[in-house]
1. How do the pairs read when you match residues in the range 192-205 that are under 18 Å from THR3 (Cβ atoms) and in contact (Cβ under 8 Å) with a residue 60 or more places away in the chain with residues anywhere that are part of a loop (DSSP other than H, G, I, E, B) and more than 10 Å from the ligand (Cβ to nearest atom), using Cβ under 8 Å and keeping only pairs 6 or more apart or on different chains?
2. Quick one: which residue in VAL146, VAL177 is at pLDDT 95 or above and either within 13 Å of the ligand (Cβ to nearest atom) or under 29 Å from ALA64 (Cβ atoms) (or both)?
3. Regarding the range 157-174, can at least one residue be identified that is within 16 Å of the ligand (Cβ to nearest atom) and farther than 23 Å from ASN198 by Cα?
4. Residue check: is SER234 under 19 Å from PHE21 (Cβ atoms) and out of contact with any Phe, Trp or Tyr (no Cβ under 9 Å at 6 or more places or on another chain)?
5. Scan the range 182-191 for residues that are surrounded by fewer than 16 Cβ atoms within 10 Å (Cβ to Cβ) and either touching a residue at least 60 places away in the same chain (Cβ under 8 Å) or not small (Gly, Ala, Ser) (or both) and jot them down.
6. On the basis of being surrounded by fewer than 16 Cβ atoms within 10 Å (Cβ to Cβ) and within 12 Å of the ligand (Cβ to nearest atom), does GLY17 make the cut?
7. Only one of VAL224, VAL220 is touching a residue at least 24 places away in the same chain (Cβ under 8 Å) and more than 10 Å from the ligand (Cβ to nearest atom); which?
8. So how many residues does the range 27-52 have that are under 22 Å from THR87 (Cβ atoms), in a helix (DSSP H, G or I) and within 12 Å of the ligand (Cβ to nearest atom)?
Amino acid sequence: MHTIVILTGAGISAESGITTFRGPGGLWEGHRVEDVCTPEALARDPALVHRFYDLRRAALASVAPNAAHDALARLDREWGGELLIVTQNVDDLHERAGAVRLLHMHGELRSALCAACGTRQAWTGALPPGSACPACGAAALRPDIVFFGEMPYQMERIEDVLSRADLFVSIGTSGAVYPAAGFVRLARQHGAATLELNLDPSEGSAWFEETRLGRAATLVPEWVDAVLAANSPSYRT
Ligand code: APR
């Protein structure tokens with residue numbers, strides 16, 4: 001059976017009302033990413049960084065999955081072959097839509113990471129700096145977000161599934177951040193077909209065999225319908 005690997009970025013959650021990272025002005029919710037998304041920022045101003053992610057976590061309560069999340073969850077349910085949705089997003093909209101074969105490579109808002117022992121645990125409320133880790137007791141819990149300069153989660157598993165992929169599809173990402181931006185090349189090296197669904201051409205568009213431009217909530221359901229109707233990972237359906 002065929003293997004489909006899907007990479008999603010901020011664009012898939014845009015129509016749910018979550019702002020993308022590189023919007024007009026290049027700011028993320030009014031902040032430069034260097035000020036809220038680096039280990040240096042966390043060390044320099046933990047109160048600011050924790051508050052920033054507390055607000056993002058709290059905002060999840062007022063958003064819902066859109067038609068693109070729903071379509072990917074349906075594909076996950078109905079695709080009989082191997083499938084993995086790799087998301088760069090830290091929101092929980094894929095899982096709330098029902099996706100199961102899902103991996104958050106850049107961490108999750110609804111999770112806390114212990115900087116002392118590395119334990120990750122579900123976290124829903126505010127996370128003040130110095131919160132104690134239930135596993136080891138250290139006052140070292142931080143947002144479970146992969147900052148710039150840190151290693152994304154489960155890279156070995158991602159590279160392994162990309163090496164078997166028959167189709168790699170990238171949805172709603174600017175292709176500006178590595179290693180995710182390199183997945184298309186890896187998939188191609190191993191012979192996968194490659195398709196991009198994005199609002200604007202991305203930095204990596206030239207690497208894809210085909211790019212379809214438009215909104216995720218329109219393009220993704222169309223593509224999923226075609227794949228399931230043909231029972232084939234080919235996007236040329
Ligand atoms: N439908 C489809 N694509 C959209 C939509 C939409 N409705 N709205 C925006 N887009 C596209 C934009 O054209 C852009 O290419 O989504 C992309 C969003 O790009 P970024 O804001 O750069 O987000 P992303 O690529 O996910 O960022 C990658 O950077 O800051 C880090 O760790 C953070 O995971 C994030 C990573």
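1. ALA192/ALA165; ALA192/ASP166
2. VAL146
3. No, because not a single residue in the range 157-174 is within 16 Å of the ligand (Cβ to nearest atom) and farther than 23 Å from ASN198 by Cα.
4. So SER234 fails the test.
5. ARG185, GLN189, HIS190
6. yes
7. Selected residue: VAL224, the only one of VAL224, VAL220 that is touching a residue at least 24 places away in the same chain (Cβ under 8 Å) and more than 10 Å from the ligand (Cβ to nearest atom).
8. 2
The values are calculated or read from the model by the stated rules, or taken from the named source; none is laboratory data. Note that the structure is predicted; figures quoted are calculated from it, not measured. Because the Cβ atoms are built from the backbone with ideal geometry, glycine has one as well, and the counts that use them run over all protein chains shown.
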